[in-house]
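What follows is a set of notes on a single structure, which appears directly below.
The values are calculated or read from the model by the stated rules, or taken from the named source; none is laboratory data. Not measured: the values here are computed from a predicted model. Every residue, glycine as well, gets a Cβ built from its backbone with ideal geometry; the counts of neighbours run over all protein chains shown. SASA here: full protein model, heavy atoms, side chains in, ligands and nucleic acids out. Shrake-Rupley method; radii C 1.70, N 1.55, O 1.52, S 1.80 Å.
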Amino acid sequence: MGATTFPRVGGHPAFDLVDTVHWRLDDTRAIDTLPDVEAVLDWCAEIDVIADPDALRALASAAPATATAEHAAITALREAVYEAVFEESPDAVALIAREHIDALSRSSLQRDGYRWRWHPPADLTGPRAAIALLAHDLLTSDLRAARQCGDDACGWVYLDTSPRHNRIWCTAAGCGNRNRVKRHHARSRV
Ligand SMILES: [Zn+2]
């Protein structure tokens, strides 16, 4: 398990996934915190979307080509969530639709307490299936609250569930504070 703690400001796991890219709006600073399938499995374990991350880690090291292909497909899904919600890209929506249908065809509906829940396959395609289910869930929900952080470079996205729907920043302590300081300095130079 990596030492990384992934951001959880999205208000929906599919937005938390988008937020694994830091400084998305500045090409010179952008950092992808999911550079390989191991990082994806860490993320899945932290978000609690797959049942047995250790078993998948073993499968990934035994089948590196499959792991690399799954990583590429998951990265494409992540970018599709961003492009579907914020750019209304038809290609992105089509990709999520395809992955969702594919995920359902490989998943099973199992009893989970008082409800039934889709369980992704236990093989290396499981994380992509779990993520496709999340992406579909987000895309088919009410997206009026979908926002992107007001910072010029940050690019983190979230559902604004604040009572007055006036959340501007991903985090008040991070981007909010930094931008307030910046504005203060800009004013005091006048
Ligand atoms: Zn931000």
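A few remarks follow.
- Within the stretch 147-160, the set of residues being within 7 Å of the ligand (Cβ to nearest atom) and in contact with a Phe, Trp or Tyr (Cβ under 6 Å, 6 or more places away or on another chain) comprises Cys149 only.
- Single unsatisfied condition, Leu138 versus (1) crowded, with 21+ Cβ neighbours inside 10 Å; (2) of a type in the set (A, V, I, L, M, F, W, C); (3) not in a helix (DSSP H, G or I): (3)
- Residue match in the stretch 86-109 (condition: open to solvent by 80 Å² or more (accessible area, probe 1.4 Å), touching a Gly at 6+ places or on another chain (Cβ under 9 Å), part of a helix (DSSP H, G or I) and without any contact (Cβ under 8 Å) to a residue 40 or more places away in the chain): no
- Condition broken by Ile50, with the remaining ones in (1) modelled with pLDDT under 95; (2) surrounded by fewer than 20 Cβ atoms within 10 Å (Cβ to Cβ) satisfied: (2)
- Checklist (1) aliphatic (A, V, I, L, M); (2) without any contact (Cβ under 8 Å) to a residue 60 or more places away in the chain; (3) open to solvent by 20 Å² or more (accessible area, probe 1.4 Å); (4) outside any loop (DSSP other than H, G, I, E, B) applied to Ala132, failing item: (3)
- Residues located in the stretch 161-176, provided they are more than 7 Å from the ligand (Cβ to nearest atom) and in contact (Cβ under 8 Å) with a residue 24 or more places away in the chain: Thr161
- Among the residues examined, Thr5 does not qualify as under 17 Å from Ile131 (Cβ atoms), open to solvent by 30 Å² or more (accessible area, probe 1.4 Å) and not aromatic (Phe, Trp, Tyr).
- Candidates Arg144, Arg106, Arg187, Arg128 - the one that is more than 16 Å from the ligand (Cβ to nearest atom) and within 15 Å of the chain's Cα centre (by Cα): Arg128
- Pairs, first open to solvent by 20 Å² or more (accessible area, probe 1.4 Å) in the stretch 18-43, second of a type in the set (A, V, I, L, M, F, W, C) and assigned to a helix (DSSP H, G or I), C-beta under 7 Å, six or more apart: Thr33/Ala39; Glu38/Ala60
- When Arg147 is tested against (1) open to solvent by 20 Å² or more (accessible area, probe 1.4 Å); (2) assigned to a loop (DSSP other than H, G, I, E, B); (3) under 27 Å from Ala45 (Cα atoms), exactly one condition is not met: (2).
- Of note, Asn179 satisfies the criterion of being within 13 Å of the ligand (Cβ to nearest atom) and out of contact with any strand residue (DSSP E or B) (no Cβ under 8 Å at 6 or more places or on another chain).
- Condition check for Leu139 on (1) among the hydrophobic types (A, V, I, L, M, F, W, C); (2) within 16 Å of the ligand (Cβ to nearest atom); (3) within 18 Å of Ile47 (Cβ to Cβ): one failure, at (2).
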